[in-house]
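Asker: Have a look at this one.
Read-outs throughout are calculated quantities, based only on the coordinates presented, and are distinct from any laboratory measurement. From a predicted model like this one, the values you see are computed outputs, not experimental measurements. Here Cβ is always computed from backbone atoms with ideal geometry, including for glycine, and neighbour counts include all displayed protein chains.
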Amino acid sequence: MGINRGRILRLLLNLVLVWFFTFRLAAQEVRIGLFDDQSAKTIVFHCVGGSYHAYGDSEFYREINIGELIYVSLMDGKLLLMDGELHWGAFNRLEIKEAASGSNFRLKLVDPAWDPRQYPGSLEINLFHGTIQLINKLPLDEYLAGVVETESGSTAGSEFFKAQAILCRSYAIKNWDKHPGQNFNLCDNTHCQAYHGASEANPIIHDAVLATHGLVLADQSSSIVSAIFHSNSGGETQRASDVWNSGEEYLQAVLDPFSLGQRNAQWEKSISLSHWKEYLRQKCQSDISKLNDDQLLILQDHRKKFFILGNDSIRLADIRNDLMLRSAFFSMERLNDSILIRGKGYGHGVGMSQEGAMEMASQGFSASDILRFYFFNVQIIEIDDIPVSGLPDGFK
Ligand SMILES: [Zn+2]
């Protein structure tokens, strides 16, 4: 009896712990700043699913049901709200809270004009430095489904989406406090992670996010990694320290045959020889006029960090940015007065190649295989296994 009672007690304790952690993670909400760089002056909120309760300066204002619109404009330092029945009010702060779970709304910026985007969760509208600040408050996993779709589209294998979901979750948690003093955790553009609203009811993406619920990518000391990815490596990834002044050990160069033959594996661009010479004259200390034209050409069989010209060295990542090239992995060929640039890959080349990872998934590799291929010596672990000291203040 004693043993049985002990077993039952342990089982109950385990159930309570599982419930507690599951509930805590499921309840984890994230605050996303929408159109933070747009200085919004007029917006339209359109309820397209469920229902909402609007609060003006914390007082209940009205219910918003499917099909109903709310217009909000900035006027005389107040948020001027007007609904479809021409009722209006002026507030310092508006909160449009989800009144039924699974509600969603369409948000349209009228001034400046943007196409509408659809979001799950609630919307906060604040006055912030003379503009309308928009904050989407929603469960972390729903945000991640939207990010995965925005960052990688909706046509790939499930193991790819799982790998991408783990990376996006790792990024979100590691950068939880990236906007201090702005009242939200992350913005919706590439400064943080691109988030253009709800994943469009794509079941594969939702399942991938749920299947990896609570999982992040960590190094051997259980610190969350910098979850870096790009579109296509062109056949080999690049060491982080070759692109930025950071040297994460897990971001090494790997030979990546999976990216070859994919959509963004190759590109070409022409520039004039005179333009290139002018660029080099600006960048180099030494006199390049003594060199013949062919000595000015960049050749890369494998990715290099610098283009060396006499005593000068120019970082290839800088040349990529300056010339607005798709990648820093390219070679040049002179054709009379012009230079043909033949490039490989798309993006900075560090971390996971999305197209390579999609190909790995289609060949039967798992999300874990994919992440361990692109990141050196990493582990996939639960957020709860990250030491509290390794989590951002706001996330603890
Ligand atoms: Zn940001």
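Asker: Once the piece of chain linking ASN311 and LEU210 is laid out straight, how much longer is it, given 0.36 nm per residue of separation minus the C-alpha distance between them?
Answerer: 31.0 nm
Asker: Take every Cα pair under 8 Å in the range 71-129 that's 6+ residues apart, average their separations, divide by the length, and report that relative contact order as a whole percent.
Answerer: 30 percent
Asker: Still on this structure: Most exposed first by the Cβ proxy, i.e. fewest other Cβ within 10 Å, how do HIS230, HIS191, HIS302, HIS179 rank?
Answerer: HIS302, HIS191, HIS179, HIS230
Asker: Give the separation of the Cα centroids, the range 172-221 to the range 260-287, in Å.
Answerer: Cα centres, the range 172-221 to the range 260-287: 35 Å.
Asker: To the nearest 20 Debye, how big is the dipole of the range 29-138 about its Cα centre, given +1 on the beta carbon of each Lys and Arg and -1 on that of each Asp and Glu?
Answerer: It works out to roughly 140 debye.
Asker: Summing Lys, Arg as +1 and Asp, Glu as -1, what charge do residues with Cβ under 12 Å from the Cβ of GLU68 carry, GLU68 excluded?
Answerer: Charge balance near GLU68 sits at -1.
Asker: Using the beta-carbon distance between SER331 and LYS290 and R0 = 25 Å, what value does 1/(1 + (r/R0)^6) give for FRET efficiency, to the nearest 0.05?
Answerer: The formula returns an efficiency of 0.60 here.
Asker: Please give the per residue volume of the convex hull enclosing the alpha carbon atoms of the range 266-344, rounded to a whole number of Å³.
Answerer: 84 Å³
Asker: Quick check: from the Cα gyration tensor, does the chain come out rounded (a/c under 1.5), prolate or oblate?
Answerer: Because a/c hits 1.5 or more and a/b fails to exceed b/c, the chain counts as oblate.
Asker: Something else about it: At 0.36 nm per residue, and after removing the present C-alpha to C-alpha distance, how many nm does the segment from GLN363 to LEU299 gain when stretched out fully?
Answerer: 19.8 nm
Asker: Just going by the charge dipole of the chain, with Lys and Arg at +1 and Asp and Glu at -1 on Cβ, which of SER51, ILE205, PRO116 is farthest out on the positive end?
Answerer: ILE205
Asker: In terms of Cα to Cα distance under 17 Å, which lysines are near enough to LYS283, apart from those fewer than 8 places away along the same chain?
Answerer: Answer for LYS283, where 17 Å is the Cα cut-off: LYS305, listed by chain and number.
Asker: So between SER241 and ALA194, what do we pick up on full extension, going 0.36 nm a residue minus the alpha carbon distance?
Answerer: Separation in residues times 0.36 nm, less the Cα-Cα distance, equals 14.5 nm.
Asker: Moving to a separate point now. Which value, in debye to the nearest 20, describes the size of the charge dipole of the chain about its Cα centre when Lys and Arg Cβ atoms bear +1, Asp and Glu Cβ atoms bear -1, and nothing else is charged?
Answerer: Using only the charged Cβ atoms, the result is roughly 620 debye.
Asker: When Lys and Arg each count +1 and Asp and Glu each count -1, what net charge do the other residues less than 13 Å away from LEU280, Cβ to Cβ, add up to?
Answerer: -2
Asker: Now for a different question. Let me check I've understood the local charge: for SER101, count other residues with C-beta under 14 angstrom from its C-beta, Lys and Arg +1, Asp and Glu -1. What total comes out?
Answerer: -2
Asker: Counting other C-beta atoms within 10 Å, which of VAL350, VAL48, VAL388 has the fewest, and how do the rest follow?
Answerer: VAL388, VAL48, VAL350
Asker: Let me ask something additional. Under 8 Å for C-alpha pairs, at least 6 residues apart: give me the relative contact order for the chain, rounded to a whole percent.
Answerer: Computed over the chain, the figure is 16 percent.
Asker: Among ALA100, ALA156, HIS302, whose Cα lies farthest out toward the positive end of the dipole of the chain, if unit charges sit on the beta carbon of Lys, Arg (+1) and Asp, Glu (-1)?
Answerer: Final value for the positive-end residue is HIS302.
Asker: On a 0 to 90° scale, report how tilted helix 140-152 is relative to the longest principal axis of the chain, with both axes built from alpha carbons and the result rounded to the nearest 10.
Answerer: It works out to around 30 degrees.
Asker: Nothing charged except the Cβ atoms of Lys and Arg (+1) and of Asp and Glu (-1): what's the magnitude of the dipole of the range 322-396 about its Cα centre? Round to the nearest 20 debye.
Answerer: 320 debye
Asker: For TRP88, TRP114, TRP267, which order do you get if you count the other beta carbons within 10 Å of each Cβ and list the fewest first?
Answerer: Least to most surrounded, the residues fall as TRP88, TRP114, TRP267.
Asker: Follow-up question, since we're still on this one. Simple spin-label model, 7 Å along Cα-to-Cβ: GLU63 to ALA99 in nm?
Answerer: 0.4 nm
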